[in-house]
Amino acid sequence: MDETQSIMREPAQTVQLALHGGPKTVQSQFVWPVFDEREVNTVADLVRSGQWGNPDCTGLVAEFEAQFAAYCGTKYAISCVNGSVSLRLALMACGVRPGDEVIVPPYTFIATASTVLEVNCVPVFVDLDPDTYNLDPARIEAAITDRTRAIIPVHFAGLPCDMDAIMAIAERYNLRVIEDAAHAHGAEYRGRKLGSIGDLGSFSFQSSKNLTSGEGGMVITNDDALYRTVESLRNVGRLPEGQWYDHFNPGCNYRISPLQAGLLIEQLKRLDDQTRRRHENGLYLDSLLGAIDGIRPMSRGNAPLVHARHLYLFRYNKQAFANLPKAEFVQMLAAEGVPCSGGYPHPLYKQPLFQNRNWMCYAIPDWVDYGPVHCPVAEHACSDEGIWIFQHALLGTRTDMDAFADAIRKIQQAMTGL
């Protein structure tokens, strides 16, 4: 850092930031998960019952699966241990074979791509729509080859992808669509719950997710054959017509426990109200932050939708903040009391896994090389632009949302003197 850059980043003396000893702008504490005696009693009753396991996936597990399928508007819901496994089971059920290609976005959690490797297939990274940070349908067709078998659109931050365009492409090229809805519990696209539009939908119930039991996952589908395969794979390859020790498919024990199912049944009762609050607070934050120079909320697209707001995502332009780098802005914002992050440090294809070709036992073709891959929108989002506010903060009040905007304005004033 040269002296000129250092001077440019020096805060003005008229505003004292919390990072430098001033008072925090946001005083509220945001707690997650939200629970009460209903969850406590559910777990206590299960512990007292001694029925901690459920190899037949009956009882509370079957009850939650039925409730979640009904909630999403699908025929079937198959629970499993986590959202990574749910993606892998969905891919296996789609019949992919070694060397097949699967289109994925580069701005997402590693599991969206690493599960493709786990079924011996090749992730093909397609860049983002710069206004939504979701997979850009306009770029998908150029990435399709005679080896392409599936598309995994990620409803990033809980914002629905352009599913009309993606489904049209999939139909044109006879591709499977697996919706990664790990961020999108309760979100809707044209009146349909996310996860229910593609061939299969995959959900996570990990501890940060909008619907959580600490860990867990779910696959939903309307397809009888896909259901039969996924249900078998998550339960050691068994089929209903077989005996207990008959194993027809190469599955493993991926079952959740009744304890998780009991928690999820209670948490599901809260989801609609929490989704509504996040959705409304997100719209209000859009109006507040959109009025701040250098801050741009994400576009919601043109389709009628409900945004799950697993993250509140916005774009940062350092030029409006005296060239303050994104990482330093995020540090200042967090110190002001806003639960936030700069997100992924780089797109997935720049992870050591892909750059160093650490395929281990997986049958990835020798010609696969991620060195030349370049997705400029995703790279800019990671390095300079994309900033997240976490979902539990959006369960706060409008006063809290006002304080988030005030914190950003405070940083801008401190850096620019304006």
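The values are calculated or read from the model by the stated rules, or taken from the named source; none is laboratory data. These figures come from a predicted structure and were not determined experimentally. Cβ placement follows ideal geometry from the backbone for every residue including glycine, while neighbour counts extend to all protein chains displayed. Heads up: the accessible areas ignore ligands, DNA and RNA and are worked out on the full protein's heavy atoms, side chains in. Shrake-Rupley method; radii C 1.70, N 1.55, O 1.52, S 1.80 Å.
Among the candidates 344, 312, single out the residue that is in a loop (DSSP other than H, G, I, E, B), surrounded by 19 or more Cβ atoms within 10 Å (Cβ to Cβ) and under 17 Å from the mean Cα position of the chain (by Cα). Outline the logic, then answer.
On the way: 312 fails: in a loop (DSSP other than H, G, I, E, B).
Going through 344, 312 in turn, just one is in a loop (DSSP other than H, G, I, E, B), surrounded by 19 or more Cβ atoms within 10 Å (Cβ to Cβ) and under 17 Å from the mean Cα position of the chain (by Cα): 344.
Is it true that residue 187 is modelled with pLDDT of 95 or more and either out of contact with any Pro (no Cβ under 7 Å at 6 or more places or on another chain) or closer than 26 Å to residue 46 by Cα (or both)?
no
If you take the residues in the range 177-198 that are charged (D, E, K, R) and in contact with a strand residue (DSSP E or B) (Cβ under 8 Å, 6 or more places away or on another chain), which one is surrounded by the most Cβ atoms within 10 Å (Cβ to Cβ)?
180
Does any residue in the range 36-63 that is closer than 27 Å to residue 240 by Cα and open to solvent by 70 Å² or more (accessible area, probe 1.4 Å) come within less than 8 Å, Cβ to Cβ, of a residue that is assigned to a helix (DSSP H, G or I) and not acidic (Asp, Glu) six or more places away or on a different chain, and which pairs are these?
If the second residue must be assigned to a helix (DSSP H, G or I) and not acidic (Asp, Glu), the pairs left are 51/59; 51/258; 52/46; 52/258; 52/259; 63/261; 63/265.
Please go through the range 212-258 and give me each residue that is assigned to a loop (DSSP other than H, G, I, E, B) and buried (at least 24 other Cβ atoms within 10 Å of the Cβ), ordered by number.
Selection gives 213, 216, 234, 256.
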